[in-house]
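The structure under discussion appears below in the form of C-alpha cells.
The values are calculated or read from the model by the stated rules, or taken from the named source; none is laboratory data. Only a predicted model underlies this, so the values are computations on that prediction, with no experimental measurement involved. As a convention, Cβ positions derive from the backbone with ideal geometry for all residues, glycine included, and neighbour counts pool all protein chains shown.
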Amino acid sequence: MMARLKTYLLCTLLALAAGGSAVAEELEGGTGGNMVLVSQVTSGYPVDEVGETNLYARAHYTWLANPNLAFFLEGELGRGLGMQLAPPAPHWGVNDTYHFGLGGVVSGFAELRQAYIRLIDMEPYDAFVGQVDLSEHFNRNEFAKDEWAQFMAPSFVTDPMIDFPADETLSAMLSYVLAPGMIVRLGCSEYTAIGFPPAYWTNIFNEDAFWITEFEMKLGDEGKLLVDVWSAPAMDSQAGLPPDREHPLGLSVSFDYEVNGLGIFARYGARSKGLYSYNQALSGGVVYKSAALGEKNALGGGFVLTSPSADFAGADDGTEGQVEIFFRWELPFGVQIIPDLQIISNPGGDASADTLTIFGVRMNVPF
C-alpha cells in the first residue's frame with residue numbers, strides 16, 4: 001500500500017510541477033456524453049453469417065475547481081467488447097475476437113474508464129495524472145480517431161502497431177510547446193496486457209512501464225504531422241528471447257490535412273523486438289464534407305494493410321487488407337446515423353481464409 005501511495009504522489013508532483021495547458025482546447029465544466037447503437041452483419045470465413053446488435057453509452061463529468069485545475073470523470077456501460085464486431089480471426093491480429101468480437105464476452109458491463117486531474121491555462125505546459133486512456137491523447141489523427149462517429153474499425157482509430165496498455169490504469173502525461181505550432185508530449189503508464197502481472201499502480205516509473213513520446217507539428221491551420229516513439233516492457237512469456245529483443249520498441253507517423261472540405265490522412269507504424277504477430281501497418285484515406293452532402297454530413301473511405309512478422313509468418317500467412325467506407329448523416333439535435341461497410345482480405349493474416357464482408361449501422365446520440 002505504501003508503495004502505491006508513493007507512486008501516486010510522485011505522478012501527482014510531476015503533474016503539479018509541469019504547469020498547465022498547452023493544447024488548443026477549452027475545457028467546460030458540467031456533464032456530457034454519447035450513446036451509440038451498433039448493429040452489424042458479417043459474412044465470410046470462419047462463419048457463413050453472423051449478426052449482432054450492441055448498445056454502448058459513455059458519459060463524462062468535468063469539474064473546474066478553479067481557473068487552473070480541472071477534475072475529469074468518464075464512465076462507460078454496454079454489451080460486448082468493442083465497437084468492431086468482426087468474428088474471430090485465425091491469429092491474434094488487428095481484428096481478433098480477443099480485442100473486438102462476437103466470440104468473446106458479450107455480457108453487460110459498466111466501468112469507470114477515466115478519472116484524472118488536469119491543470120489548465122498555464123502555458124506552455126499541459127499535464128494530467130490519474131486513470132487515463134493514453135490512446136485518446138496520442139496518435140490522434142483528425143480524420144481517423146473516433147469510432148463513434150468516423151471509421152469503426154479499431155485499426156483506423158489508432159495505429160495498431162502502438163502497443164498501448166490493454167486497460168486504463170495509472171498514467172501521467174506532460175506536454176510542452178516548443179514553438180508556435182510545435183508540441184512535444186511524454187506519457188507513461190503502468191502496463192497491462194495478457195502475459196503481464198496485474199497492475200497495482202506500482203510500476204509506472206520502472207522497466208514494467210509503457211512509455212511514449214510524441215512530436216506534433218502543425219501544417220498551417222489545415223493539418224498536422226505526428227511522430228510517436230514508444231516502448232513497452234517484456235512479457236513474462238518472452239523470457240527466453242535474447243536480451244536485445246526483450247523490450248518492444250515502436251515508431252508511428254501520422255499525417256492529416258484538409259483542402260476545400262476534403263480531409264486526407266495517412267499512418268505508418270512499425271515495431272521491433274518483443275514477439276508480435278504483426279510488425280508493420282500502413283493506412284490512409286479521405287473524409288469529404290461539402291454543401292452537396294449537407295452541412296454536417298460526411299463521406300469517408302480508407303484502407304489498412306497489416307504485415308505479419310517473421311516470427312509468425314508461414315506458408316499460409318499474408319498481409320491483412322481492410323477497406324472501410326462510411327457515410328455520416330446528422331439529424332436534428334445532433335443525432336447521427338452512420339451506415340458502414342468493411343471488407344477484410346486475409347483476415348488475421350491467413351491467406352487461405354475467405355474474405356470477410358461486414359455491414360454495420362451506428363446511431364450516435366449525444367446527451
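Would you point out the residue of region 222-234, among those that are within 18 Å of the chain's Cα centre (by Cα) and not charged (D, E, K, R), that is modelled with the lowest pLDDT?
Ala232
Which of the following residues is among the aliphatic types (A, V, I, L, M), closer than 20 Å to Val38 by Cβ and touching a Phe, Trp or Tyr at 6+ places or on another chain (Cβ under 8 Å): Leu331, Leu341?
Details: Leu331 fails: touching a Phe, Trp or Tyr at 6+ places or on another chain (Cβ under 8 Å).
None of the other options fit; the residue is Leu341.
Condition first: modelled with pLDDT of 80 or more and either closer than 19 Å to Thr306 by Cα or aromatic (Phe, Trp, Tyr) (or both). Can you find one or more residues in region 235-248 that meet it?
no
Starting from region 347-364, keep only residues that are touching a residue at least 12 places away in the same chain (Cβ under 8 Å) and within 12 Å of Phe326 (Cβ to Cβ), then list their pairs with residues that are surrounded by fewer than 23 Cβ atoms within 10 Å (Cβ to Cβ) and among the basic types (Lys, Arg) whose Cβ atoms are within a distance under 9 Å, requiring at least 6 positions of separation or different chains.
Correct list of pairs: Arg362/Arg328; Asn364/Arg328.
Kindly evaluate Thr192 against the criterion of being at pLDDT 85 or above and closer than 23 Å to Leu73 by Cα. Walk me through how you get there before you give the answer.
Details: at pLDDT 85 or above: no; closer than 23 Å to Leu73 by Cα: yes.
No; evaluated as a whole, the condition is false for this residue.
What pairs come up if the first residue lies in region 281-305 and is over 18 Å from Ile344 (Cα atoms), the second is assigned to a strand (DSSP E or B) and small (Gly, Ala, Ser), and their beta carbons are under 7 Å apart, counting only those six or more places apart or on different chains?
Matching pairs, first to second residue: Val286/Gly263; Val286/Gly300; Val286/Gly301; Val287/Gly263; Val287/Ala298; Val287/Gly300; Tyr288/Ala298; Lys289/Ala298.
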